[in-house]
Amino acid sequence: MAPVLLVYAHPYPSRSRANRAMLEAVADLEAIAVRSLYDLYPDFGIDVEAEQEALAAAQIVVWQHPLYWYSVPGLLKHWFDKVLVRGFAFGEGGTQLRGKRCLWVTTTGGDEQAFSEPGIHAHPMSAFTPPVHQAARFCGMTWEEPFVLHGAHKIDAAALASEVKRYRRRMESLAREAQK
Ligand SMILES: Cc1cc2nc3c(=O)[nH]c(=O)nc-3n(C[C@H](O)[C@H](O)[C@H](O)COP(=O)(O)O)c2cc1C
């Protein structure tokens, strides 16, 4: 069983620029198992048991997606609702995620300037983190410093390649730590 579970939620995987490049850059890492939610569940019919089994087997959980309306895409929200349930993720007997590390990986259309008080999104990126952070915390997971790629449409090919490398390094180091 791969120690790192990467839950991938891109509504249009074949149209992605940033997330696709990032995912492809880590696809060969044996320590990582990818579950692409929109490929697995195009009709939102999540196999809760399979998802919980994959989570229980992992040491590190990664949520990767483009930022949609300052949050996660609809299917990942639905996945939270159906999979992270009482008795599994929290509440009595809900200890399956306790102690696992959680990494939030997201890409944004807005650049860094957009995520500032005078910018179009009016708040720093850290203002949009709490719901995801707290969901992980509520399930007893340890929060890692999020990986954010800003300006996903605007950045040129060289800058994207450098971000993709940064992502690969981050995932390699997580994978190494998980295998220890
Ligand atoms: C429905 C929708 C909502 C979006 N909401 C935001 C947002 O709140 N903030 C932002 O910076 N970008 C937003 N975007 C832009 C996406 O985050 C951007 O297209 C994505 O990160 C690009 O990644 P990709 O190349 O993997 O598709 C939104 C895009 C769509 C389609």
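Only the coordinates and a few stated rules stand behind these numbers; no lab work does. Model, not experiment: these values are computed from the prediction. Here the Cβ positions follow ideal geometry from the backbone for every residue, glycine too, while neighbour counts run over all protein chains shown.
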TODO: Work out, step by step, the length gained on full extension between A122 and Y12: first 0.36 nm times the residue separation, then minus their alpha carbon distance; give nm to one decimal.
DONE: 36.9 nm
TODO: Treating cross-link reach as a plain straight distance, find the aspartates and glutamates whose alpha-carbon is under 16 Å from the alpha-carbon of K82, omitting any fewer than eight places away in the same chain.
DONE: D43, D47, E49, E51, E53
Task: Relative contact order of the chain, pairs being alpha-carbon contacts under 8 Å that are 6 or more residues apart, as % - done: 26 percent
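Output the antiparallel fraction of DSSP beta bridges having both residues in region 1-127, as a percent to the nearest 5.
Bridges in region 1-127 are about 5 percent antiparallel.
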TODO: Run the quick spin-label model on E49 and R166: label points 7 Å from Cα toward the beta carbon, then report their separation in nm to one decimal.
DONE: 4.3 nm
- [ ] Please report, in debye to the nearest 20, how large the charge dipole of the chain is about its Cα centre when each Lys and Arg carries +1 at its beta carbon and each Asp and Glu carries -1 there.
- [x] 280 debye
TODO: Would you kindly state the longest site-free stretch of the chain, with sites defined as GluC sites (Glu not before Pro) in a DSSP loop (not H, G, I, E, B) surrounded by at most 15 other Cβ atoms within 10 Å?
DONE: 113-180
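Counting Lys +1, Arg +1, Asp -1, Glu -1, what net charge surrounds H78 among other residues with beta carbon under 13 Å of its beta carbon?
Values: positive: K77, K82; negative: D43, D47, E51, D81.
Taking every other residue near H78 into account, the sum is -2.
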Open item on the list: How would region 1-57 be classified by its alpha-carbon gyration tensor: rounded, prolate or oblate, with rounded meaning a/c under 1.5 and the a/b versus b/c comparison settling the rest?
Closed with: oblate
TODO: Between A158 and H133, take the C-beta separation as r, use R0 = 35 Å, and let me know the FRET efficiency to the nearest 0.05.
DONE: 0.65
Task: Straight-distance crosslink candidates among lysines, where the alpha carbon sits under 30 Å from K180 and sequence neighbours closer than 8 are dropped - done: K100, K165
